[in-house]
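**Q** What follows is a single structure, and I will ask about it in a moment.
The values are calculated or read from the model by the stated rules, or taken from the named source; none is laboratory data. Keep in mind the model is a prediction, meaning the values are calculated, not measured. Using ideal geometry, Cβ is built from the backbone for each residue, glycine included, and neighbour counts are taken over all protein chains shown.
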Amino acid sequence: MTGRLRLIAAAGLAAALILAVALASWGLGARGIAADFGARLLPPSPAHPFGTDHMGRDLLARSLHGLALSLRVGLAAAGLSALIAVAVTGLAGLGRRADAVAGFVTDVMLALPHLLLLLLLSFMLGGGTAAVILAIAVSHWPRLARILRGELRQVMAMPYVETSRALGRPRRFVLVHHVLPHLAPQLLVGVLLMFPHAILHEAGLTFLGFGLDPSRPATGVMLAEAMRHLGAGRWWLAVFPGAMLLALVLAFDLLGGSLRRLLSPAEVRL
Amino acid sequence: MALDLRLIMRALRLLARQVLLLTVVALAVFAMMKASPVDPVTAYLGPAMARVGPEQTAQIAAAWGLDQSPATQFLRWAGQLLTGNAGHSTAYNAPVTQVLAERGLASLALTGLAWALSGLLGFALGLVAGATEGRWPDRVIRLWCYLLAATPTFWLGMLALALFAVTLGWAPVCCAGPIGLPPDEVTPGQRLAHLALPLAVLTLFGVAQIALHTRMKVIEVLASDYVLLARAQGAGLPDILLRHAARNAGLPALAALFAATGEIIGGSVLAEQVFAWPGLGRATVEAGLKGDVPLLMAIALLTALVVSSGNLLADALARRMDPRLTGAA
């Protein structure tokens, strides 16, 4: 498969998945949220393809709700995080001292594993959806900022930038008109690749009890509940919601990866 | 002599940076704890809060020094830390240093081994994939790596538990030893049996990155002129892989492994939770849920020390391999 074809396929897959999740969670209404104690802990069957949980809720509907939630949280978090990365990179581009400070802050952030940082941030913000989005945004920008910083250095050394500066353009003009357009593709790929990461971390954080509110149909909540039924052999509670999450993450990994390959074929040979 | 001096200066500068970094981490974590809406006294008392009057609450707060200004609290904490006292863990009702020592050992066994094993396995897989670029072993390994990278760690752990512990009964369901047995009476065999499943899951979690990294490097080496020359001289593939590819890919893989320390520690928090492993990861969750500020701060500092040292080593290795980087940075 050529790179372009692969990209189109990946984009189609991701778009179809998003559409399906959006449509489903919109059309489902209360299905998967309202309890039905007559149908508790049923294994997969034609009526409930994914089975039902301890409150008799349909797991397929619940998983779709969970993915819709993950998508929303992931998009908001990755977008916000990219904004922070751009802001930090822009500040770093203003001068040598700012660059040193930005580098040190990045190092400090990288010294704490994402999950631990997320846990601490969620502790600070008191939990809840907004706290999770903010925590993921605050913890995920350093890696993207590092990539952007490297690009920034490269662009700043290019002849056309030197020419522009020699012509008396102020540094801010150079940043906005020369550097930013150059960084745009890297930024797009960075956000696309950060998105699955954000979703996975949200699920992990929620699973640990520091993320989304346990009353919401989040994948992490479902899996934490499934943990309690694992010993009784109720495998479907764990398998299906996790597999749906995996499919979503994989689709976006594929999309980001093939876009990166198309944009910089020489750098990436995966 | 001049060289020695320069080396010492650089070591000192790195040490100073490390100290500064840890201080900033400590300050940041302390600020986060102080900004938290979780009140440590309320979190400590839990349901008992209903039976405790406001005067007693104030007494506990005063005994813990919570009535002082945040700056005083931090300085007192830092001063005690320098004398080796990291405070008292309210979640475990024991000195923080004791909790760290006990749980750190369990964590080291699980996370440290998983870290090393994922490096070895990842390197081996990367070598095989690189040597068979484009053919089926490479495709299988690559697909497997992509799948692993997209899989939630804790979900993988749950699947492993459901299959191997519940359905097949090959492995114990949880913990670091049989339930109810004091930790010092657990035999090495039992310990190993309880370690196997979490170790396998955590190892798999770390493999993907190292394997893909090694694969790229091996492909690069195999396309080089000196490998072409070696081939022309009649060297076989095993010979080339061992003498050229493995040697050249080894240091980058090691650097990648050091840089991945943080990731595997993050993964271990989830794995310890799923397998009820009594390590630092589980202690972190416990401390977070119970508002155990001294323990959280100590764990954050210890983790930052380990991860930043890993990052530093990765940087140093990268520079050692490619001296051009020294000038660039």
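**Q** Exactly one condition in (1) under 27 Å from B:Leu280 (Cα atoms); (2) modelled with pLDDT under 85; (3) of a type in the set (Val, Ile, Thr) is not met by B:Thr57; state its number.
**A** It fails just one condition, (1).
**Q** For the range A:235-270, which positions are within 11 Å of chain B (Cβ to nearest Cβ) and modelled with pLDDT under 80?
**A** A:Glu267, A:Val268, A:Arg269, A:Leu270
**Q** Scan the range A:45-58 for residues that are crowded, with 16+ Cβ neighbours inside 10 Å and farther than 13 Å from A:Ala24 by Cβ and report the count.
**A** Selection size over the range A:45-58: 6.
**Q** A follow-up question, please. If you go through the range A:223-239 one residue at a time, how many are small (Gly, Ala, Ser) and outside any helix (DSSP H, G or I)?
**A** So the first thing to find is which residues in the range A:223-239 are small (Gly, Ala, Ser), and the list is A:224, A:226, A:231-233, A:238.
Within this subset, residues satisfying the condition of being outside any helix (DSSP H, G or I) are A:231-233.
Here the count works out to 3.
**Q** Among the candidates A:Gly211, A:Gly220, single out the residue that is touching a Leu at 6+ places or on another chain (Cβ under 7 Å), part of a loop (DSSP other than H, G, I, E, B), within 13 Å of chain B (Cβ to nearest Cβ) and surrounded by 20 or more Cβ atoms within 10 Å (Cβ to Cβ).
**A** Checking each option against the conditions leaves just A:Gly211.
**Q** Also: With B:Gln80, B:Gln73, B:Gln68 as the choices, which residue is under 25 Å from A:Phe210 (Cβ atoms) and among the polar types (S, T, N, Q)?
**A** Just one listed residue meets the conditions, B:Gln73.
**Q** Among the residues in the range B:144-165, are any away from chain A (no Cβ under 13 Å) and surrounded by fewer than 19 Cβ atoms within 10 Å (Cβ to Cβ)? Lay out the reasoning, then the answer.
**A** Initially, the range B:144-165 is screened for residues away from chain A (no Cβ under 13 Å), giving none.
Looking through the range B:144-165, none of the residues is away from chain A (no Cβ under 13 Å) and surrounded by fewer than 19 Cβ atoms within 10 Å (Cβ to Cβ).
**Q** Take the residues in the range B:272-286 that are under 19 Å from B:Asp39 (Cα atoms) and at the interface with chain A (Cβ under 9 Å from one of its Cβ atoms), then tell me which one is surrounded by the most Cβ atoms within 10 Å (Cβ to Cβ).
**A** B:Thr284
**Q** Quick test of your reading of the structure: A:His229 fulfils all but one of (1) within 14 Å of chain B (Cβ to nearest Cβ); (2) crowded, with 23+ Cβ neighbours inside 10 Å. Name the failing condition by number.
**A** Checking A:His229 against (1) within 14 Å of chain B (Cβ to nearest Cβ); (2) crowded, with 23+ Cβ neighbours inside 10 Å, the one that fails is (2).
**Q** Would you check which residues across the range B:230-239 are surrounded by 11 or more Cβ atoms within 10 Å (Cβ to Cβ) and assigned to a loop (DSSP other than H, G, I, E, B) and list them?
**A** Residues of the range B:230-239 that are surrounded by 11 or more Cβ atoms within 10 Å (Cβ to Cβ), as a first pass: B:230-231, B:235, B:237, B:239.
Selection gives B:Ala235 alone.
**Q** Here are the criteria: (1) surrounded by 21 or more Cβ atoms within 10 Å (Cβ to Cβ); (2) at pLDDT 80 or above. Tell me which single one A:Gly93 does not satisfy.
**A** Tallying (1) surrounded by 21 or more Cβ atoms within 10 Å (Cβ to Cβ); (2) at pLDDT 80 or above, A:Gly93 fails exactly one: (2).
**Q** Restricted to the range A:16-72, and to residues that are touching a strand residue (DSSP E or B) at 6+ places or on another chain (Cβ under 7 Å) and part of a helix (DSSP H, G or I), which residue is nearest to A:Pro217 (Cα to Cα)?
**A** Applying the filter and picking the extreme gives A:Leu59.
**Q** While we're on this one: Have a look at B:Gly157, B:Gly130 and point out the one that is more than 30 Å from B:Ala298 (Cβ to Cβ), in contact (Cβ under 8 Å) with a residue 40 or more places away in the chain and assigned to a helix (DSSP H, G or I).
**A** B:Gly130
**Q** If you check every pair at least six apart or on different chains, which have Cβ atoms under 8 Å apart with a residue in the range A:103-118 that is more than 7 Å from chain B (Cβ to nearest Cβ) first and a residue that is crowded, with 20+ Cβ neighbours inside 10 Å and aromatic (Phe, Trp, Tyr) second?
**A** What qualifies is A:Met109/A:Trp141; A:Leu118/A:Phe210.
So that you can scan it fast, the table gives a plain yes or no per residue for (1) in contact with a strand residue (DSSP E or B) (Cβ under 6 Å, 6 or more places away or on another chain); (2) under 30 Å from A:Leu121 (Cα atoms); (3) surrounded by fewer than 24 Cβ atoms within 10 Å (Cβ to Cβ):
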{"residue": "B:Leu195", "(1), (2), (3)": "no, no, yes"}
{"residue": "B:Gln209", "(1), (2), (3)": "no, yes, yes"}
{"residue": "B:Lys217", "(1), (2), (3)": "no, no, yes"}
{"residue": "B:Leu228", "(1), (2), (3)": "no, no, yes"}
{"residue": "B:Leu241", "(1), (2), (3)": "no, no, yes"}
{"residue": "B:Gly250", "(1), (2), (3)": "no, no, yes"}
{"residue": "B:Ala259", "(1), (2), (3)": "no, yes, yes"}
{"residue": "B:Leu270", "(1), (2), (3)": "no, yes, no"}
